[in-house]
Amino acid sequence: MASKISGGAVLRAAARIIVLLFFLFPIFWVFLMSFQTNQQILRIPPSIFFTPTLENYTALFSGRLQTASGSLDIAFIKNLLNSIILSSCSVLIALILGVPAAYAFARFKFRLGENIAFTLLSFRFAPPLLVLVPLVAYFQMIGLSDTYIGLIWVYQLICLPLILWIVRGYFEDISPDIEHAYRVDGHSWAKTFFKIAIPLARPGIAAAALLSFIFAWNNFVFALILASADKQPVTVGALAFVTSAGIQYGIIAAAIVLSVTPTLLLALYAQRYLVEGLSLGAVKG
Amino acid sequence: MATLVLDHLNKIYKPRGRAPVKAVDDVNLASADGEIIGLLGSSGCGKTSTLRMIAGFEDVSSGTIRIGEQPIQQTAPARRGVAMAFEGYALYPPLKIEDNIGFALLRQRMPRAEVRKRVRDIAELLEIQPILERYPPTISAGQQQRASLARALVRRAPVSLLDEPMSQLEPQLRAILRARIKDYLAAHQMTTVFVTHDQTEAIALADRIAVMEKGVLQQFASPAELKERPANLFVASFIGEPPMNVVQAEIGTTRGARVVQLFDRAGEPSFTLPIGGLGQDQIPLAPGKVILGIRPHRITLADQGLQGRIQSNQWLGDQTHLLIEVNGIPLTVVTHRRIPGRIGDNLAIEIPPRALHLFEPASGRALLHGGDAVRAAA
Ligand SMILES: Nc1ncnc2c1ncn2[C@@H]1O[C@H](COP(=O)(O)OP(=O)(O)O)[C@@H](O)[C@H]1O
Ligand SMILES: [Mg+2]
């Protein structure tokens, strides 16, 4: 009996370790790489024993990289700033548009409502290039290519459907009678929305905002095609390290570590919200 | 304090992909000022739909609702002058019970001290003072229900709508609160519509009761009137505990006098009941098939009379419910005495004319009430 239980426990622990290794190993490896020089990284066979160096990080922050073929400008800090601007503005606008829309979809059963909601969701399934190719020409025509506004607009394809669908499930879970009670007590429709519906859906809204921030942050293709060096986020900026003098693996690793850190911290900080928000919305909605 | 009028009110739900549901079917109803109306009916008969239309959460499919002469179908809920206690309580989770109850009054710019006093008073009336500082998710269903009721009553709105306000309470508490709520409503002359499927509650609390079934208003009358003069077979069987005995019968004549011939379950003729003056001059009654209703409370035990056999005998502490079979017809009888008889014993009963109600078989419409006929003959 006792041996049976411990046997199961051992198996489970082993399974857990394998899963963890599988998911964490690449992150761990990148983390190690960020403290190595290119020579150390490219050594064969690879080793986890090396003398750590901060040279990659200093290069990123100082903005200059010395390579065999001369020195190279690095726009990493600028890219980081772009990422922050693009992601937060996109989420903000998606919230302003998406939360009222989610409320409308949850509360009012209008004709074609379901179709519109699904169409919005299907943007997430479409291959990004399908949308991008026509957009490039179109954006050039109306002068939106290579502007923050244009990029933020396109980023709505990522953020808006997420917010709409998660928050909608959340609104559907709130008993309409709670709003009705507020309304018979003398309040307008709009006030009910802001004072009752939004506060009660707050965990769902926070979860949706967080997720769409992370998705926007990690986006690569949209910015690659629509933005010049000036407006590029970190994901695209890392491409600059593929230089004529070779690929700067160490710097790329350091850039990845730095660019993942904000989203990772955010996710850890809001983990409770995320789990609660997502599971409530999904299970009950 | 205002009158409430429902004029040819209809509600048809049209759920997507399913057949339309006629939840409220041509309801007409007019309250007096300050009247307490009980809306009584089984589950799904359209009670909640009616209240929601009055409050303004559901569109009216057709018809008019007037509060104090003013048609209000197009008015926003906030401006209709209604307060509502919801079937599902609908308390606002982030607010303490005290603030839940008081927030409509604060919104009306009533001074804080006065709001506080009003909230305390209503909390005392409904026995929820101990939970005023608590939050809705942390209290029991019965407490939430009373908090929700308090939130509606505290406003003393022109029209109060209470949707099954006491369904979650234990019977003793319900009986106590019933009396207090009735006093409160009367003291402030609050026009009230309360929904219930408990006829004891409806009878105890309401000035008049509207009986609904399948969206149709069957009868709107005082509790006594519903018992004495039910408009149709549905109301007759619905009101009264235990329910009325229902027997197939036929109006005939024996030796020149009108009688009711009763039939047993197999359709064989059983005994006849003399109906004396019933249905002769003042209230004409054509010979033919009828449905006969007999109130269990009106049947009396007699030394001589119809001979029956006891099929069951239950003493309920203050009354006896007997099932007595008389010549193939089982009849429920209620008496306030304790009856020693056992199952199978013989017992004689008497069915006075005022125990009888006659209904048209096809429509169920009432043809004659024994009480009326007795009064008319006197
Ligand atoms: N939103 C709705 N959509 C479709 N049918 C509904 C809706 N609300 C109520 N109904 C139907 O209308 C009828 C009356 O419901 P309701 O007024 O809630 O009854 P009650 O309160 O008397 O139990 C029921 O058959 C119910 O299924
Ligand atoms: Mg109901």
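Observations on the structure shown:
- Taken together, B:I343, B:I351, B:I310 contain a single residue that is within 28 Å of the chain's Cα centre (by Cα) and at negative phi, which is B:I351.
- Within the range A:209-224, tally of residues that are without any contact (Cβ under 8 Å) to a residue 60 or more places away in the chain and farther than 15 Å from A:L160 by Cα: 3
- Search result, residues across the range B:63-80 that are within 16 Å of ligand 1 (Cβ to nearest atom) and either within 14 Å of chain A (Cβ to nearest Cβ) or open to solvent by 20 Å² or more (accessible area, probe 1.4 Å) (or both): B:G63
- Subset of the range A:193-249 [open to solvent by 40 Å² or more (accessible area, probe 1.4 Å), of a type in the set (D, E, K, R) and more than 14 Å from every other protein chain (Cβ to nearest Cβ)]: A:D230
- A count restricted to the range B:125-140 and to residues that are free of Cβ contacts under 8 Å to residues at least 24 places away in the same chain and surrounded by 12 or more Cβ atoms within 10 Å (Cβ to Cβ) stands at 1.
- Filter result (among the hydroxyl-bearing types (S, T, Y) and under 34 Å from the mean Cα position of the chain (by Cα)) within the range B:244-270: B:S270
- For the range B:193-202, the candidate set comprises residues that are out of contact with any strand residue (DSSP E or B) (no Cβ under 7 Å at 6 or more places or on another chain) and open to solvent by less than 60 Å² (accessible area, probe 1.4 Å); within that set, the residue that is farthest from B:T50 (Cα to Cα) is B:E201.
- Hits in the range B:151-184 (condition: of a type in the set (G, A, S), under 19 Å from B:P136 (Cα atoms) and away from ligand 1 (no atom under 16 Å from the Cβ)): B:A152
- Matching residues, the range B:159-192, being open to solvent by 50 Å² or more (accessible area, probe 1.4 Å) and part of a loop (DSSP other than H, G, I, E, B): B:S167, B:Q168, B:E170, B:H188, B:Q189
- A:V30 falls short on exactly one of the conditions (1) assigned by TED's automatic domain parsing to the domain that holds A:L164; (2) among the aliphatic types (A, V, I, L, M); (3) in contact with a helix residue (DSSP H, G or I) (Cβ under 8 Å, 6 or more places away or on another chain), and that condition is (1).
- Top-ranked residue of the range A:154-177 - restricted to ones that are within 14 Å of another protein chain (Cβ to nearest Cβ) and out of contact with any helix residue (DSSP H, G or I) (no Cβ under 6 Å at 6 or more places or on another chain), ranked as farthest from A:L226 (Cα to Cα): A:D177
- Looking across the range A:223-268, not a single residue is of a type in the set (K, R) and farther than 18 Å from A:S88 by Cα.
- Selected residue [free of Cβ contacts under 8 Å to residues at least 40 places away in the same chain and surrounded by fewer than 18 Cβ atoms within 10 Å (Cβ to Cβ)] from B:E360, B:E325: B:E325
- From the list A:V131, A:V99, A:V91, the one residue that fits, being closer than 27 Å to A:L160 by Cβ, assigned to a helix (DSSP H, G or I) and open to solvent by 30 Å² or more (accessible area, probe 1.4 Å), is A:V131.
- Subset of the range B:16-53 [within 14 Å of another protein chain (Cβ to nearest Cβ), open to solvent by less than 30 Å² (accessible area, probe 1.4 Å) and within 7 Å of ligand 1 (Cβ to nearest atom)]: B:S49
- Residues (free of Cβ contacts under 8 Å to residues at least 24 places away in the same chain and closer than 25 Å to A:A102 by Cβ) located in the range A:123-141: A:F125, A:A126
- Scanning the range B:81-105 for residues that are open to solvent by 20 Å² or more (accessible area, probe 1.4 Å) and facing another protein chain (nearest Cβ under 9 Å) turns up B:E87, B:G88, B:Y89, B:Y92, B:P93, B:P94, B:F103.
- Considering B:A85, B:A30, the condition of being modelled with pLDDT of 95 or more and under 27 Å from A:R202 (Cα atoms) is satisfied by B:A85 alone.
- Residues satisfying the criterion are present in the range B:327-337 (criterion: in a strand (DSSP E or B), in contact with a helix residue (DSSP H, G or I) (Cβ under 7 Å, 6 or more places away or on another chain) and under 24 Å from B:E268 (Cα atoms)).
The values are calculated or read from the model by the stated rules, or taken from the named source; none is laboratory data. On a predicted model such as this, the values are computed, not experimentally measured, just so you know. Methodologically, a virtual Cβ is constructed for each residue, glycine included, from the backbone with ideal geometry; neighbour enumeration extends over all protein chains shown. Heads up: the accessible areas ignore ligands, DNA and RNA and are worked out on the full protein's heavy atoms, side chains in. Shrake-Rupley method; radii C 1.70, N 1.55, O 1.52, S 1.80 Å.
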